[in-house]
Amino acid sequence: SSLGEKQPITIPYSNWYGNVTRGIGIDGEDTEWNPNVPGVSIVDKGEVIGDVRMRRDDGNLNIIAIVSDPKPFEEGDGVEITLSMTADPSKAVSILLSSAGKDSKNKRIGKLDLSRNGVPVESKKVKVGVTERWLDLGYRIEAAIPLELIPEFTAQSEQNVRSEVKNEKTGKDELKAGKEKVADLISPLYGNIRIIRMKDGKAVSYPYAPQ
């Protein structure tokens, strides 16, 4: 829900989904996202122009946005998410997902600007991936933010974990189950989401509004 409303949002805990044996990557694709994770739709003039999903897992806040845009992706386009423990927007975390141009292989470079209470937070631990959809139909942008960067929203939580441990007698790896304490997101939170499009050199905002 939007900042200032009485009903906060809940960000679900969700494991990776599907075939992740190839490794987990923040790549701007949603194939590893469980389809049961709910999304927030951004609507403009009766048309859905974006779908944003968030989840928490393994000490991270994960975000993916799938945006429809008939114009090619350009610098300045992106998705902004604001989260707060209260309805006071001055005590909030702001997350801006965008692109910083292209690499040598002509692929989009993801960019994330994070700020707490208006103060920028710099970290190399944040991961961002962007893919452009077919025939300039928009883009997908995905991010993983370590919860240690937003400590005011976290608490220690005991979670089930599985790990491979080598058996010293047999020399073989064995799967062991156990529990460990990890940082978990305090939920629910107040929030606001908006899509930003560049038009004629100016940023135009499309905020989430309950339908």
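Classify the stretch 164-211 as rounded, prolate or oblate, taking a ≥ b ≥ c as the square roots of the eigenvalues of its Cα gyration tensor: rounded when a/c is under 1.5, otherwise prolate if a/b is larger than b/c and oblate if not. Verdict is prolate for the stretch 164-211. Ranked by the mean number of other Cβ atoms within 10 Å of their residues, highest first, the peptides 76-85, 198-207 come out as 76-85, 198-207. Bridging of residue 166 to aspartates and glutamates at a Cα separation below 14 Å is possible for 174, once same-chain residues fewer than 8 apart are set aside. Cross-linked pairs 71/125; 45/125; 102/124; 124/199: Cα-Cα separations exceed 27 Å for 71/125; 45/125; 124/199. Under 16 Å from a label point set 7 Å out along the Cα-to-Cβ vector of residue 74, the amide N atoms of the stretch 81-110 belong to 99-102. In the frame of its principal axes, the stretch 47-153 has Cα extents of 41, 34, 25 Å, reported largest first. Were the residues from residue 115 through residue 168 laid out at 0.36 nm apart, the gain over their Cα-Cα distance would be 14.4 nm.
Just so you know, all these numbers are worked out from the coordinates, no wet-lab data involved. In this text the structure is predicted, and so the values were computed from the model without any measurement. All Cβ positions, even for glycine, are placed from backbone atoms using ideal geometry, and neighbour counts span all protein chains on display.
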